[in-house]
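Engineer: Take this structure, written in structure tokens, and hold onto it; I'll ask about it next.
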Amino acid sequence: MNIILLGAPGAGKGSQATKLKDYYGIPHISTGDAFRSNIARKTEIGIYAKSFIDKGQLVPDDVTVKIVADRLKEDDCKNGFLLDGFPRSIPQAEALEGLTKIDYVINFVIDTEKVVARLGGRRTCSCGETYHVSTHSSPLCDKCGKELFIRDDDKDEVIRNRMAVYEKTTAPLVDFYKARGLVVDVDANGTIEETFDAIIKLVK
Ligand code: AP5
Ligand code: MG
């Protein structure tokens with residue numbers, strides 16, 4: 001099953017992806033995680049991407065599409081994949097149509113004030129796990145034991161830019177995929193478990 005997780009920053013795409021990848025047995029491909037890994041390793045792509053990410057802007061389409069195109073060629077994507085944070089613009093969606101077929105676009109429907117609260121309290125691990133300070137007080141990752149960190153782009157001003165970019169450039173993808181009959185709307189205002197249950201009921 002080839003699935004896109006589409007939604008605003010903080011809607012819970014990453015939190016759901018870590019559960020859905022185990023449930024469906026398919027890899028989780030997050031362009032945000034790929035960029036953060038490149039930034040940590042100080043690669044050429046990482047240094048380039050950081051200048052956009054730190055301002056809450058999108059990394060240019062050509063660089064982002066290449067990362068996904070290369071990743072989709074790997075063996076573990078043969079039985080399906082979860083795309084988290086890609087595509088994020090109409091040109092990216094058009095490029096993806098040339099690479100593979102999509103079965104479902106899960107559209108995370110959520111109130112704006114909720115996402116701002118979620119991002120403000122997020123703690124992240126380099127292994128990809130995500131927590132929220134309201135439900136996880138330890139400074140360490142439950143899964144791998146590494147120290148959690150606050151993402152540089154989870155500062156108030158950068159969050160506002162990311163929301164604006166989402167509305168202008170990414171939200172139009174809902175209609176793009178509705179026109180193709182692929183969108184499944186999921187209420188993402190509930191708990192992580194409630195949202196997960198809603199997704200697996202709708203995506204068979
Ligand atoms: P990316 O890493 O994709 O960030 P994002 O889309 O802004 O989304 P987030 O990761 O912030 O939110 P999420 O929906 O995954 O929420 P999460 O599960 O963590 O991208 C970062 C940057 O990279 C972009 O700004 C851009 O610059 C660049 N980039 C990436 N992809 C790109 C592309 N395709 N093109 C160009 N540039 C690109 O949850 C958030 C918090 O809420 C956590 O603390 C979590 O514990 C908590 N939470 C989650 N669900 C719930 C729930 N149901 N109830 C209570 N708390 C919850
Ligand atoms: Mg994420």
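Engineer: For Tyr177, state whether it is more than 23 Å from Tyr24 (Cβ to Cβ), surrounded by 18 or more Cβ atoms within 10 Å (Cβ to Cβ) and modelled with pLDDT of 95 or more. Even if it seems obvious, please write down each step before you answer.
Structural biologist: On the way: more than 23 Å from Tyr24 (Cβ to Cβ): no; surrounded by 18 or more Cβ atoms within 10 Å (Cβ to Cβ): yes; modelled with pLDDT of 95 or more: yes.
In short, no.
Engineer: So Val158 passes all but one of these: (1) within 16 Å of the chain's Cα centre (by Cα); (2) of a type in the set (Val, Ile, Thr); (3) within 24 Å of Asn38 (Cα to Cα). Which condition number does it fail?
Structural biologist: Status for Val158: all satisfied but (1).
Engineer: Quickly run through region 54-98 and pick out the residues that are closer than 20 Å to Lys13 by Cβ, in contact (Cβ under 8 Å) with a residue 60 or more places away in the chain and either touching a Cys at 6+ places or on another chain (Cβ under 9 Å) or basic (Lys, Arg) (or both).
Structural biologist: Hit for region 54-98 is Arg88, nothing else.
Engineer: Say we look at region 67-87 and pick out the residues that are acidic (Asp, Glu) and away from ligand 2 (no atom under 16 Å from the Cβ); which of these is surrounded by the fewest Cβ atoms within 10 Å (Cβ to Cβ)?
Structural biologist: Taking region 67-87 first, the residues acidic (Asp, Glu) are 70, 74-76, 84.
Keeping just the survivors that are away from ligand 2 (no atom under 16 Å from the Cβ) gives 70, 74-76.
Details: Asp70: 10, Glu74: 11, Asp75: 7, Asp76: 12.
Here the answer is Asp75.
Here's the yes/no breakdown for (1) over 23 Å from Gly121 (Cβ atoms); (2) away from ligand 2 (no atom under 12 Å from the Cβ); (3) surrounded by fewer than 18 Cβ atoms within 10 Å (Cβ to Cβ):
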position	(1), (2), (3)
Ala11	no, no, no
Leu20	no, yes, no
Arg36	no, no, no
Asp54	no, yes, yes
Val65	yes, yes, no
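Engineer: Same structure again: Among the candidates Gly120, Gly128, Gly145, which residue alone is within 26 Å of Arg41 (Cα to Cα), away from ligand 2 (no atom under 16 Å from the Cβ) and either crowded, with 16+ Cβ neighbours inside 10 Å or without any contact (Cβ under 8 Å) to a residue 40 or more places away in the chain (or both)? So that I can check it myself, show each step before the final result.
Structural biologist: Details: Gly120 fails: away from ligand 2 (no atom under 16 Å from the Cβ); Gly128 fails: away from ligand 2 (no atom under 16 Å from the Cβ).
That would be Gly145, the only listed residue that is within 26 Å of Arg41 (Cα to Cα), away from ligand 2 (no atom under 16 Å from the Cβ) and either crowded, with 16+ Cβ neighbours inside 10 Å or without any contact (Cβ under 8 Å) to a residue 40 or more places away in the chain (or both).
Engineer: Of the residues that make up region 95-109, is at least one within 13 Å of ligand 1 (Cβ to nearest atom), surrounded by fewer than 20 Cβ atoms within 10 Å (Cβ to Cβ), within 30 Å of Val133 (Cα to Cα) and modelled with pLDDT of 95 or more? Give the derivation first.
Structural biologist: Within region 95-109, the first condition is being within 13 Å of ligand 1 (Cβ to nearest atom), and the residues that meet it are 95-96, 106-109.
Those left that are additionally surrounded by fewer than 20 Cβ atoms within 10 Å (Cβ to Cβ): 95, 109.
With the extra rule that they be within 30 Å of Val133 (Cα to Cα), the set shrinks to 109.
Narrowing the set further to residues that are modelled with pLDDT of 95 or more leaves 109.
Yes, region 95-109 contains a residue that is within 13 Å of ligand 1 (Cβ to nearest atom), surrounded by fewer than 20 Cβ atoms within 10 Å (Cβ to Cβ), within 30 Å of Val133 (Cα to Cα) and modelled with pLDDT of 95 or more.
The values are calculated or read from the model by the stated rules, or taken from the named source; none is laboratory data. In this text, all values refer to a predicted model and were calculated from it rather than measured experimentally. Because the Cβ atoms are built from the backbone with ideal geometry, glycine has one as well, and the counts that use them run over all protein chains shown.
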